[in-house]
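This report concerns only the one structure given below.
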Amino acid sequence: MTQGITKKIYLELTPPTEEDNRSAQRRVLDAIEAAFDADFSPGDVRSQTSSGDSLNVKMPLSIMRTLHPLCEEADWKLMASLAWDGRRWEITALEAGDTSEAHYGLAVDLGSTTIVMQLVDCNRGTVIAQESAYNRQIAFGEDILTRIFYSKDNPERLEEIRRATIDTIVELMETLEQKTGIPIRTDMHSNAGLSTGTGTKTDTGFASGAGQCISMVVAGNTTMTHFLFGLDAFCVFSSPYAVSADQPGFLKADRLDIPLPGYVYCYPGKANYLGGDIISGMVAIGMHRRESISLFFDVGTNGELVVGNKEFLLCGAGAAGPALEGGVVKTGMRAAEGAVQHIKLVKCDRGRKALYGDEDELIVNIRSHGQAETCYQLVCDVIGGGAAKGICGSGIIDLISELFLHGILDLRGKLVPEKSDAVVWRKCEEDEKESSDSGNADLNSGASSDFGCAQQESYVDKTDDTRRMEGEGEYAFCYAPGIYFYQSDIHEFIRTKAAAYTMMEYLLSETGMSLDEVSDFYMAGAFGSHVDKTSAVNIGMYPDVNPEKIHAEGNTSIAGARMLLLDREIAEELPGILDLMTYVQFGAVEDFLEKMTAASALPHTDLERYPSVKKRLMIKKRQQHQVERYSCDAHLKKQEMV
């Protein structure tokens, strides 16, 4: 049997007689105790108290009310569902017959943008299905701060956000029910403890009595858990950053309006900006149990890092920037259908031609110093395989990497228009108008050059930044039909990657360790799971280490939630893990901005930190010289023929 936070135990009870007239309640509890003694370790049911050894299973009133006539009708053969509340077991349902195969739980990653839910088979420890949905909190603000200020000191608005959170969770439960056919929700207004074991649904859509899911584990950042509980989250944002609650533990699901008979466990947080999603991620990769030093980095709008092993855990958090998730980039978007997720410049043998050829392929001609041109095809990998609508974080990293390696971006991150006609001067409003008019810009509409862009103009005695600030436009690179990546987008992204690198550098310096002493680098989140490691190193976002040391772990938050659902001992370990952690607030580090400035070059102002990138740049330079020599030889031969 599992050692998770829920159990199902089949009971075959002896009917009462005059010689044995124990109550139905007593018979159920005694049978559960006997089952625990036979199948589990000592002490699993009983706990030491000041009054001695006492039975540690609770039968609530709602279950007592089902004992008659259920016991007689079931011929005293019952299935007991139990939920752990952190101290003892509670019976959440009694069913007729053996329904031990129908034993499920829910794991939830409570994100500020997206909520992900897994339906887990608690008998086998496997994921039956997974669904995600946009967090309905978005209606009250795209970013967390907007939501915090919206609900500050306003109980009615705070309840709106709490209700939106619960509605999203229930929506996902409904979706999983429809997808799997498994009754998940419980009608909390019925006799919740009574079930025939058939899992039928009522007219309300809920399972009759208790559904087949008992409890849920949630991992989310500190603000999200505050909103889930209906707590004002302004304390997360404001000094002295003393939050209302950071170790909620086990809470009755129905008290949160979540239609489950058992409990909701929420991972604890360490600090205002280091919440339960990070603790859950650490549990998932197991760095707190290792001898070797590991670095865990969950990068997104915020960056949270932990470095250490089983002896110490140094952690920190700070704003990385929404550019990593496609935010603030003019044509950026989340990793959804239509998003460019990977880009490569591939050398081709075709001569100079229009921006798009017969197959809608982007052809980029790159000039060397001697004005010789090399033809490249820009290959985009679009999520869903259709036309590109924008670009997400992993695609941005690839694009900047390719432009930098091919000299279209200099080490300051500035576009070099002399290198390619693909770099054009363009007003940002054009993209906004095209997007609002059609959603898919026609490449050739209004085109006044080979690239379907506004004609470059001649500006005298003005810097590029001045012209941009005065609304006259800026340089941009066209990476898909009618879609551009702007100089200001590049600057924003470089600030983001510089912040991410500086966080990593600072934590390591605080430990007195070098990069070589870190055995593994774990990159978490949906963003980290799709990033090309080499591209991230090329632009200085990841350190220049052996690629085999860098692991894309995906959604570690939900992985840790699932692990605790199946192993309640993890909940008992968490106080010790929190005690190991020392928190650093990056915003309070005096020279953080200075260090960040040094990391704002591509890949870094100190190129010696990136030997592999230096090598790749040298190779590209030699290739360009070869092109120049070939072009020069061809020109001389042509003159000789003349």
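The values are calculated or read from the model by the stated rules, or taken from the named source; none is laboratory data. Computed from a predicted model, the values in this text were never measured in an experiment. Don't worry about glycine lacking a Cβ; one is built from the backbone with ideal geometry, like all the others, and counts go over all protein chains shown. Just so you know, the surface numbers come from the protein's heavy atoms only, side chains and all, with ligands and any DNA or RNA stripped out. Shrake-Rupley method; radii C 1.70, N 1.55, O 1.52, S 1.80 Å.
Structure values in brief
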| quantity | calculated |
| --- | --- |
| Residue 178 paired with residue 514, simple spin-label distance in nm, labels 7 Å along Cα-to-beta-carbon | 5.7 |
| Largest to smallest accessible area among 596, 216, 64 [probe 1.4 Å] | 64, 596, 216 |
| Virtual paramagnetic centre 7 Å along Cα→Cβ of residue 88, amide N under 11 Å, in region 56-80 | 56-60 |
| Low-density loop cleavage sites - trypsin sites (Lys or Arg not before Pro) in region 83-147, where at most 13 other Cβ are within 10 Å (DSSP) | 87, 124 |
| Residue 271 long-range amide H proximity, modeled H, under 5 Å | none |
| Amide H partners (placed H, <5 Å) of residue 79, local residues excluded | 11, 95, 96, 97 |
| HN-Hα J in Hz across region 415-425 - Karplus 6.51, -1.76, 1.60, θ = phi - 60°, x for Gly and Pro | 5, 10, x, 5, 7, 7, 6, 6, 8, 10, 8 |
| Charge dipole of region 229-284 about the Cα centre (unit charges at C-beta), most positive-ward option of 258, 243, 231 | 243 |
| Length added when fully stretched, residue 138-residue 472, from 0.36 nm per residue minus Cα-Cα | 116.9 nm |
| Overall Cα dimensions of region 478-631, principal axis frame, Å, largest first | 70, 38, 30 |
| Largest to smallest accessible area among 153, 246 [probe 1.4 Å] | 153, 246 |
| Förster radius 35 Å - calculated FRET efficiency between residue 548 and residue 592 (Cβ-Cβ, nearest 0.05) | 0.70 |
| Table column - 3J(HN,Hα) (Hz), region 225-240, Karplus curve with 6.51, -1.76, 1.60, x for Gly and Pro | 5, 4, 5, 4, 8, x, 9, 4, 9, 4, 5, 5, 9, 10, 5, x |
| Two-site FRET efficiency, residue 64 against residue 170, from Cβ-Cβ distance with R₀ of 41 Å, rounded to 0.05 | 0.90 |
| Extension gain from residue 337 to residue 244, taking 0.36 nm per residue of separation minus the Cα-Cα distance | 29.6 nm |
| Long-range amide H partners of residue 56 with built H, under 5 Å | 46, 47 |
| Where GluC sites (Glu not before Pro) fall in DSSP loop in region 72-157, at most 15 other Cβ within 10 Å | 101, 142 |
| By accessible area with a 1.4 Å probe, ligands and nucleic acids excluded, highest first: order of 166, 619 | 619, 166 |
| Coarse-grained scattering of region 565-624 at q = 0.27, 0.29, 0.31 Å⁻¹, given as base-10 log I(q)/I(0) from a Debye sum over alpha-carbon atoms | -1.08, -1.11, -1.14 |
| Residue 150 accessible area, assembled protein chains, probe 1.4 Å, Å² | 60 |
